[in-house]
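J.: Here it is, the structure, as structure tokens.
The values are calculated or read from the model by the stated rules, or taken from the named source; none is laboratory data. Keep in mind the model is a prediction, meaning the values are calculated, not measured. A quick note on method: Cβ atoms are made from the backbone with ideal geometry, for glycine too, and the neighbour counts reach across all protein chains shown.
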Amino acid sequence: EDRENILRARATGKAVLTSPFKLLESNHLGVVLTFPVYRSSLAAEATVEDRIEATVG
């Protein structure tokens, strides 16, 4: 699920949440929010391929 979320965030330019999961040693639930970081030169109307090439994190 982690890799899938990373790739989806990179391709769409939008943040992606994991499904809730139980935190270790706790009765609380947690989620992981993944969002892409691109070079500042990425155009607003970028294609998926443009986003993939411009990904820095």
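J.: In this structure, does Glu49 turn out to be exposed (fewer than 10 other Cβ atoms within 10 Å of the Cβ), more than 13 Å from the chain's Cα centre (by Cα) and part of a helix (DSSP H, G or I)?
T.: Yes.
J.: I want to confirm something. Restricting to segment 1-15 and keeping residues that are outside any helix (DSSP H, G or I) and not basic (Lys, Arg), which single residue is modelled with the highest pLDDT?
T.: Ala15
J.: Kindly provide the set of residues from segment 1-42 that are in contact (Cβ under 8 Å) with a residue 24 or more places away in the chain, within 12 Å of Thr55 (Cα to Cα) and out of contact with any helix residue (DSSP H, G or I) (no Cβ under 9 Å at 6 or more places or on another chain), ordered by number.
T.: Ile6, Ala9
J.: Under 6 Å between Cβ atoms, at least 6 apart or on separate chains: pull out the pairs that start in segment 46-57 with a residue that is closer than 12 Å to Ile6 by Cα and in contact (Cβ under 8 Å) with a residue 40 or more places away in the chain and end on any residue that is among the basic types (Lys, Arg) and surrounded by 10 or more Cβ atoms within 10 Å (Cβ to Cβ).
T.: Within 6 Å, the pairs are Thr55/Arg10.
J.: Out of the residues in segment 16-46 meeting the condition of being in contact with a Phe, Trp or Tyr (Cβ under 8 Å, 6 or more places away or on another chain) and not in a loop (DSSP other than H, G, I, E, B), tell me which one is surrounded by the most Cβ atoms within 10 Å (Cβ to Cβ).
T.: If we take residues in segment 16-46 being in contact with a Phe, Trp or Tyr (Cβ under 8 Å, 6 or more places away or on another chain) and not in a loop (DSSP other than H, G, I, E, B), then Val16 is surrounded by the most Cβ atoms within 10 Å (Cβ to Cβ).
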